[in-house]
Amino acid sequence: MSFEAREGNLKVREQTEVKTDPEFYFSKLKSFDRNFSQINFSLHGFESAAKDEQAIILKNIAGNLDVLLESPKLSDHLPANIKAYFEHDAKAPRDSLLTHLGFLSMQVTDPENGQLDLESIRRLWTGVVSLWQAYVYIFEDLVLRMGREGEKEIDKRFVEKDRNVEIKPLLQAIQELAANNSGTQNRVVLEISPSYEDLEAVRLSIPHGTIYNSLRGYVMNALHRDIGAEHLKIKLLLEGRNLVFEVWDDGRGMPEEMYTNPDSPSYIFQKGVTVGKKGGTGMGLAYAKERFGTAGCDLQVKSRVNPSPGQGDLVTVFRLTVPTITH
């Protein structure tokens, strides 16, 4: 602890210990996942339970929700450079998650007129589950930037952390990404060429969080007013032993030298060229090609200048090729 004087009073200020080992965060996230599983199990069995059992179930749900409401404090342990990424990438989904959890907690512990609204509870829970998976993927990606090479590569100890994990949750998160960013002004379409059955046995050679947060970044950047895209397409393709993720947009585009010529001052894969929204540094894109390359993947960009942004002409594509491991 450290002490500081304020207005004549001595105030104790807690110092949060910075943690740089990704395993610390992974273990905490797994612990929170167990809370989610317990809530999910409890909600499924609530209606069929006797009234005295329902009271116990509600108490269990409330206790697990209290734990999950503390989950945002995990980011307090991040080092300063990663915390800057967190503020840019994860703060909005985290705040939305907290809002849903807060409303859900009130519904469970203090229902209006003393009557539980199970439909509302289930609706809020569905939103929480969706937000949590996206938040975890983003958080994992940020944590994996704490390796010895910093933001330029995935921590080598964890490159293959998901090689035995099914990709269904990742596909669901990508579906939610498309759905949540489609509205009256924007249209985001998801196309999956292989069937879900074709992908059931597929495993990926890099962490799912790294893939998800990159796709999310391309989508959110394209929708930024400076780019002007209103139509996007997310495509998943099986090409040989690779799973290919593509994000197309109809924004303003860019000339070829910006993504092909490393000597160009406007080359997008270098620090200081791209500038993210809301104070972001743009380093997520600047280091992306190198990070994926060191993990055995390939990131390519193709584009052309678009004289009529937002009119449906898909001129820019970010194409991420990831080797698969078939079980």
How many residues does the stretch 183-224 contain that are in contact with a strand residue (DSSP E or B) (Cβ under 8 Å, 6 or more places away or on another chain), under 19 Å from Ile167 (Cβ atoms) and in a loop (DSSP other than H, G, I, E, B)?
5
Is there a residue being modelled with pLDDT of 85 or more and touching a helix residue (DSSP H, G or I) at 6+ places or on another chain (Cβ under 7 Å) anywhere in the stretch 260-274?
no
Top-ranked residue of the stretch 283-327 - restricted to ones that are more than 21 Å from Arg241 (Cβ to Cβ), surrounded by fewer than 19 Cβ atoms within 10 Å (Cβ to Cβ) and of a type in the set (Gly, Ala, Ser), ranked as farthest from the chain's Cα centre (by Cα):
Ser308
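With respect to Ile39, is the statement that it is in the same structural domain as Gln133 (by TED's automatic domain parsing), hydrophobic (A, V, I, L, M, F, W, C) and touching a residue at least 60 places away in the same chain (Cβ under 8 Å) true?
Details: in the same structural domain as Gln133 (by TED's automatic domain parsing): yes; hydrophobic (A, V, I, L, M, F, W, C): yes; touching a residue at least 60 places away in the same chain (Cβ under 8 Å): yes.
Yes.
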Residue by residue through the stretch 63-79, note down the ones that are over 18 Å from Leu43 (Cα atoms), assigned to a helix (DSSP H, G or I) and touching a Ser or Thr at 6+ places or on another chain (Cβ under 9 Å).
Lys73, Asp76, His77
Search the stretch 225-253 for residues being within 14 Å of Gln300 (Cβ to Cβ) and not polar (S, T, N, Q), and hand back the single one that is surrounded by the fewest Cβ atoms within 10 Å (Cβ to Cβ).
Glu239
Within the stretch 129-155, tally of residues that are without any contact (Cβ under 8 Å) to a residue 60 or more places away in the chain and assigned to a helix (DSSP H, G or I):
4
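Go through the stretch 38-53 and count every residue that is surrounded by 11 or more Cβ atoms within 10 Å (Cβ to Cβ) and part of a helix (DSSP H, G or I).
Taking the stretch 38-53 first, the residues surrounded by 11 or more Cβ atoms within 10 Å (Cβ to Cβ) are 38-43, 45-46, 49, 53.
Next, only the ones that are part of a helix (DSSP H, G or I) stay: 38-43, 45-46, 53.
Within the stretch 38-53, residues that are surrounded by 11 or more Cβ atoms within 10 Å (Cβ to Cβ) and part of a helix (DSSP H, G or I) number 9.
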Just for the stretch 171-198: of the residues that are of a type outside the set (Gly, Ala, Ser) and crowded, with 19+ Cβ neighbours inside 10 Å, which one is farthest from the chain's Cα centre (by Cα)?
Val188
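Conditions tested, residue by residue: (1) closer than 24 Å to Lys83 by Cα; (2) β-branched (Val, Ile, Thr); (3) assigned to a loop (DSSP other than H, G, I, E, B); (4) at pLDDT 80 or above.
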| position | (1), (2), (3), (4) |
| --- | --- |
| Gly276 | yes, no, yes, no |
| Gly279 | yes, no, yes, no |
| Leu285 | yes, no, no, no |
| Val305 | no, yes, yes, yes |
In the stretch 227-257, which residue that is of a type in the set (Asp, Glu) and out of contact with any helix residue (DSSP H, G or I) (no Cβ under 9 Å at 6 or more places or on another chain) is nearest to Ser214 (Cα to Cα)?
Glu246
Is there any pair linking a residue in the stretch 291-305 that is under 19 Å from Ile325 (Cα atoms) to one that is surrounded by 15 or more Cβ atoms within 10 Å (Cβ to Cβ) and acidic (Asp, Glu), with Cβ under 6 Å and at least six apart or on different chains, and which?
Thr294/Glu153
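The values are calculated or read from the model by the stated rules, or taken from the named source; none is laboratory data. These numbers were taken from a predicted model, which means no experiment stands behind them. Cβ: placed from backbone, ideal geometry, glycine included. Neighbour counts: every protein chain shown.
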